[in-house]
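Comments concern the structure below.
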Amino acid sequence: MKIYIKDIPNEGLNIDATVASHEIGLNDDIFKCLSPLAIKARIEKADDAVLAKVEVKATYEVSCARCLEPIVQERADQFDLYFELTPQLEQIDMGEEIRQEVVIVLSGIMLCHNECQGICPDCGVNLNKEACRCPKPSPQEAGVLRSSQKP
């Protein structure tokens with residue numbers, strides 16, 4: 001999303017655009033973008049900078065941090081972007097800045113639900129869907145393990 005500085009009038013510029021995720025460099029490494037990004041921005045020149053208030057709406061698929069099941073979320077996130085003006089700068093590329101902000105927002109830990117039990121680290125079963133298949137130590141073995149552990 002490149003914007004020429006000369007195209008920003010003194011009263012500011014409003015942008016209302018729909019952009020495919022790959023157009024701003026989003027790929028499926030961390031999350032999937034299930035819809036185009038609806039971008040609304042208010043761009044203004046202020047002294048030696050360009051300020052942009054941006055809202056991005058889209059539907060994403062991320063993985064639960066505990067059980068790895070997919071989570072589909074429709075989100076509307078707002079960002080303030082700042083671009084320093086220099087005499088040689090002719091345009092700003094908001095696409096890269098928007099990409100970075102979306103990646104930061106969606107990189108946080110997300111859970112499918114607060115009580116998610118996750119997956120068993122040994123057998124890999126999703127504990128929300130079925131019981132663990134790992135052999136349980138007998139009470140005698142559990143006691144031996146506890147008594148042999150050092151404080």
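The values are calculated or read from the model by the stated rules, or taken from the named source; none is laboratory data. All values derive from a computational prediction rather than experimental measurement. Here Cβ is always computed from backbone atoms with ideal geometry, including for glycine, and neighbour counts include all displayed protein chains.
Of the residues making up segment 107-151, those that are modelled with pLDDT under 85 and within 30 Å of I24 (Cβ to Cβ) number 3. Taking the criterion of being surrounded by 12 or more Cβ atoms within 10 Å (Cβ to Cβ) and either in contact with a Leu (Cβ under 9 Å, 6 or more places away or on another chain) or over 16 Å from R66 (Cβ atoms) (or both), the residues of segment 97-111 that qualify are E97, I98, R99, Q100, E101, V102, V103, V105, L106. Selection within segment 51-73: residues that are acidic (D, E) and part of a strand (DSSP E or B). The member of this set that is nearest to the chain's Cα centre (by Cα) is E61.
Conditions (1) surrounded by 15 or more Cβ atoms within 10 Å (Cβ to Cβ); (2) under 13 Å from V102 (Cα atoms); (3) among the hydrophobic types (A, V, I, L, M, F, W, C), marked per residue:
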site	(1), (2), (3)
E11	no, no, no
L26	yes, yes, yes
L34	no, no, yes
K53	no, no, no
V56	yes, yes, yes
I71	yes, no, yes
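A single entry from A76, A41, A17 fulfils the requirement of being part of a strand (DSSP E or B), more than 30 Å from E130 (Cα to Cα) and under 18 Å from the mean Cα position of the chain (by Cα): A76.
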